[in-house]
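Colleague: Take a look at the following structure, please.
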Amino acid sequence: MKQGIVLYRSKYGSTRKYAGWLQEALGYDCEEASGAALRRASAYDTVVFCGAVYASGIKGLALLKKNMRVLRGKRLAVLCVGASPYNEAAFTALRQRHFGGELESVPVYYARGAWDTDAMTAVDRTLCNMLKKSLAKRDPATYEPWMQALMSVQDGKADWTEKGYLAPLIAYCTAAKD
Ligand SMILES: Cc1cc2nc3c(=O)[nH]c(=O)nc-3n(C[C@H](O)[C@H](O)[C@H](O)COP(=O)(O)O)c2cc1C
């Protein structure tokens with residue numbers, strides 16, 4: 001049995017960057033998540049799935065859920081990457097919304113991503129500009145944490161990625177398996 005693999009789903013690169021850092025730190029294989037990659041993951045002891053957060057959903061999570069059968073008995077962990085600073089209530093809500101059933105006992109970690117309006121697709125850019133305009137009319141006290149982050153971005157660019165976010169996940173992966 002091979003040691004471990006990092007699978008990721010990223011749109012603009014920050015989740016891919018974290019997957020690369022995990023690969024470096026853990027010596028695991030690493031590849032973009034797909035049905036075939038998930039089936040190949042059955043040859044590994046540990047599987048780390050990294051997915052970017054979009055509109056409160058997690059990229060690739062549906063694919064992971066669909067393939068849970070082949071991952072039974074593995075040490076599995078999920079890393080979510082979003083623009084929001086870590087926030088206990090928002091993270092708990094994300095966990096409750098997406099990690100029921102077979103994923104209930106899977107440890108979930110969080111890391112902060114990046115923001116680059118110029119790199120976005122026209123659709124995402126338009127969506128974010130519309131959201132910013134409507135948020136500008138609202139009381140900031142009603143913003144969700146990621147909306148606060150979006151409103152705080154200067155000149156359309158921010159990079160909050162930091163290797164330090166990965167420490168708890170790396171500790172989990174390197175702890176002896178019981
Ligand atoms: C259309 C859109 C929706 C987003 N929705 C959220 C969100 O709900 N929560 C959050 O924390 N970040 C959100 N983000 C920010 C992304 O999660 C962040 O930029 C992350 O770094 C993207 O990862 P990637 O570079 O791997 O694609 C959103 C970004 C875009 C463009």
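Colleague: What distance in nm separates the simple spin-label points at MET130 and SER34, each placed 7 Å from Cα in the Cβ direction?
Modeller: Here the answer is 3.2 nm between the modelled labels.
Colleague: Pairing the Cα long axis of helix 88-98 with the longest principal axis of the chain, what angle in degrees results, from 0 to 90 and rounded to the nearest 10?
Modeller: Its long axis makes an angle of about 60 degrees.
Colleague: Counting GluC sites (Glu not before Pro) as exposed when in a DSSP loop with at most 16 other beta carbons within 10 Å, what is the longest stretch of the chain free of them? Don't skip to the end; give the middle numbers.
Modeller: Working: sites that count: GLU104, GLU162.
Counting only loop sites that pass the neighbour cut-off, the longest clear stretch is 1-103.
Colleague: Where does segment 1-135 land on the Kirkwood hydrodynamic radius, alpha-carbon pairs, in angstrom?
Modeller: After inverting the mean inverse Cα-Cα distance, the result is 15.6 Å.
Colleague: Let me ask another. So which trypsin sites (Lys or Arg not before Pro) in segment 1-53 pass both tests, a DSSP loop state and at most 15 other Cβ atoms within 10 Å of the Cβ?
Modeller: Values: sites: LYS2, ARG9, LYS11, ARG16, LYS17, ARG39, ARG40; in loops: LYS11.
Of the trypsin sites (Lys or Arg not before Pro), the ones in loops of segment 1-53 whose Cβ has at most 15 other Cβ atoms within 10 Å are LYS11.
Colleague: Rounded to the nearest 500, what is the 222 nm mean residue ellipticity of the chain from helices alone, with -39500 (n - 2.57) per DSSP H run of 4+ residues and division by all residues? Mind dumping the intermediate values first?
Modeller: Working: 7 runs with 67 residues, N = 178.
Mean residue ellipticity, 222 nm, calculated: -11000 deg cm²/dmol.
Colleague: Still on this structure, I have one more. Just for segment 55-178, what percent of DSSP beta bridges are antiparallel, to the closest 5? Before the final figure, lay out the partial values.
Modeller: Numbers: 3 of 8 bridges.
Just about 40 percent of them are antiparallel.
Colleague: Please go through segment 64-137 and write out the trypsin sites (Lys or Arg not before Pro) that DSSP classes as loop and that have at most 10 other C-beta atoms within 10 Å. If you can, show how the numbers build up before the last one.
Modeller: Working: sites: LYS65, LYS66, ARG69, ARG72, LYS74, ARG75, ARG95, ARG97, ARG112, ARG125, LYS132, LYS133, LYS137; in loops: ARG72, LYS74, LYS137.
Sparse-neighbourhood loop trypsin sites (Lys or Arg not before Pro): ARG72, LYS137.
Colleague: Taking the chain, how many lysine pairs are there with alpha carbons less than 18 Å apart, if each pair must be eight or more places apart or span two chains?
Modeller: Number of lysine pairs found: 12.
No value in this document is a laboratory result; all are computed from the given coordinates. Quick caveat: nothing in here was measured; it's all calculated off a predicted structure. Neighbour counts run over all protein chains shown; Cβ positions are idealised from the backbone, glycine included.
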